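A short write-up of the structure that comes next.
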Amino acid sequence: MSSFDEIQRMITRRQLFGASAVGLGSAALATLFTRDGLAATGGLNDLPHFAPKAKRIIYLLMSGAPSQVDLFENKPEVEKRRGEEMPSSVLMGQRLTTMTATQAQKRLLPSIVPVRQHGQAGMWITDYLPHVASISDRLCFIRSMHTESINHAPAMTMLLTGGEQPGRPSTGAWLSYGLGSENDDLPTYVVMTSRDREGSCGQLFYDYYWGSGFLPSKYQGVKFRSEGGDPVLYLANPPGMAPSLRRSVLDDVKRLNEIKLNGVGDPEISTRISQYEMAYRMQTSVPELLDLATEPAHVLNLYGPDVARPGSFARNCLLARRLVERGVRFVQLLHSGWDQHSNLPTQLVEQCRDTDQPSAGLVQDLQQRGLLEDTLVVWGGEFGRTVFCQGDINNKTKHGRDHHPRCYTIWLAGGGIKPGTIHGQTDDFSYNIVKDPVHIHDLQATVLHLMGIDHERLTFKYQGRHFRLTDVAGQVVQPILA
């Protein structure tokens with residue numbers, strides 16, 4: 001191989017365009033500077049598209065799929081036919097997971113605990129969720145959610161990114177990209193995770209659940225660790241490094257990065273610069289955020305006794321409130337343990353105990369601070385559970401429910417949502433939707449709408465196509481809007 005051929009083989013497209021004095025390299029650099037300039041003033045220059053009803057979002061994500069049958073549905077027909085075989089006319093040959101597709105019998109299993117009506121709207125809520133029941137008139141229930149995915153990771157990916165395959169931006173990343181930040185000292189998008197105390201569920205939290213996909217990586221969520229060590233990795237100064245030295249090092253690194261940025265126009269270099277600066281400012285803002293000593297006893301009591309335990313869902317809910325009141329635009333809490341295939345009789349009550357009072361307390365806390373009006377709270381999982389039993393229905397402690405994507409329930413509060421609303425309806429078996437179906441893309445379109453965004457107009461061109469969160473579908477669910 002000649003020397004010229006060797007050089008041509010080694011040079012990358014990015015290096016070629018970056019080294020050009022004119023042409024694509026200069027165009028890319030100009031685009032980068034324009035985008036950064038807009039983000040510094042609050043996002044893209046045409047957003048919001050109309051007056052938003054919500055300024056911020058807290059997503060309470062129940063990973064593993066809570067059972068709508070046991071939590072939010074009253075089905076007398078199932079109660080009457082307990083133990084009978086699931087009618088084939090209801091199954092309609094629908095796809096099942098490998099865990100129950102070959103199960104010899106699919107016996108009807110009614111709710112394992114009473115589900116009663118609450119509030120003026122008559123919301124059906126399990127006895128396991130008394131605190132949520134107490135605020136039911138502030139909530140909107142969608143009983144007709146549905147999705148295509150029948151396994152956890154693809155369903156969660158669809159819920160958070162609009163596609164079943166990893167690689168697309170998460171909802172929080174889209175909002176960060178489109179609307180920018182309201183606080184220079186904290187990330188625009190924060191993620192926290194928790195799990196049931198027994199660790200009974202092996203659901204994994206993949207980083208792409210809060211990733212930026214093909215958007216610049218500065219829009220991805222920042223994960224706050226809940227247990228042990230620094231809340232954000234690499235935030236603290238190394239041993240022996242004074243703050244003044246850290247500042248000097250960052251200034252020098254910034255100058256070197258700017259030289260490289262001017263040479264190649266790589267957007268990730270700009271991201272690196274901004275993230276180093278954010279990390280430096282977070283050294284002061286994060287410790288103040290996590291210090292709960294200023295919270296009065298009556299506020300702590302709203303979230304329940306578990307609020308004192310680091311890593312708990314309750315503590316994360318309180319931190320979510322502290323984050324949004326400081327200008328963080330999107331907070332995503334993920335709590336695992338709802339995947340109850342064989343431990344429904346023993347674990348459902350534990351999951352409800354972990355999440356009931358904190359979820360209700362968060363709504364109450366936001367309301368008494370005047371934040372609920374423009375803060376959207378969403379509670380729900382990635383799909384639902386089957387009305388038929390997985391395992392032996394006669395085993396009092398070892399049975400459960402399989403995955404069910406065809407219908408499930410979520411609730412919303414605040415931020416432009418009509419309180420005391422019930423939207424959608426399932427059949428007598430909580431298995432098929434009979435009225436007002438709401439697809440995942442419809443939910444995403446509605447969330448963006450409440451933030452002042454037309455979901456069809458927030459796009460990003462990647463590999464020749466204009467992508468959006470809702471892919472090529474999605475309708476705003478108008479009846480639930482205030």
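Coordinate-derived values only; no laboratory data. Owing to the predicted nature of the structure, the values given are computational and were not obtained by experimental measurement. Positions of Cβ are backbone-derived with ideal geometry, glycine not excepted, and every protein chain shown enters the neighbour counts.
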Can you tell me the order of 393-404, 283-294, 258-269, 53-64 when each peptide is scored by its average per-residue count of other Cβ atoms within 10 angstrom, highest first? 53-64, 393-404, 258-269, 283-294
So what is the relative contact order for the chain, in percent, with contacts set as C-alpha pairs under 8 Å and at least six apart? 28
Between Lys396 and Thr459, what is the label-to-label distance in nm when each label sits 7 Å out along the Cα-to-Cβ direction? 6.1
Quick one: which of Lys223/Lys254; Lys218/Lys435; Lys80/Lys396 span more than 30 angstrom between C-alpha atoms? Lys218/Lys435
Give a residue-ordered list of calculated ³J(HN,Hα) values for the stretch 162-170 (Karplus: 6.51 cos²θ - 1.76 cosθ + 1.60, θ = phi - 60°; whole Hz; x for Gly, Pro). x, x, 6, 9, x, x, 9, x, 6
What are the equivalent ellipsoid semi-axes of the stretch 417-482, built from the alpha-carbon gyration tensor (square roots of five times its eigenvalues), in whole angstrom, biggest first? 28, 16, 6
Out of the DSSP beta bridges found with both residues in the chain, what percent are antiparallel (nearest 5)? 45
Roughly speaking, what is the centre-to-centre gap between the stretch 449-482 and the stretch 132-169 when only Cα atoms are used, to the nearest Å? 16
For Thr126, the net charge from surrounding residues (Cβ-Cβ under 11 Å; K, R +1; D, E -1) works out to -3
Using packing as a proxy for protection, rank 68-75, 422-429 so that the peptide with the highest average count of other Cβ atoms within 10 Å comes first. 68-75, 422-429
The stretch 380-401 residues near the modelled Gln425 label - backbone nitrogen below 14 Å, point 7 Å along Cα→Cβ: none
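I need the peptides 357-366, 153-162 ranked by packing, meaning the mean over residues of other C-beta atoms within 10 angstrom, with the highest value on top.
357-366, 153-162
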Round to a whole angstrom and tell me the spacing of the C-alpha centers of the stretch 51-81 and the stretch 340-393. 7
Label-point gap, in nm, between Ala297 and Glu258 - each point 7 angstrom along Cα→Cβ: 5.4
Just the ratio, please: alpha-carbon radius of gyration of the stretch 345-420 over 2.2 N^0.38 Å, N its number of residues. 1.44
Placed amide H near Tyr462: partners under 5 Å, 5+ positions off or other chain: Phe467
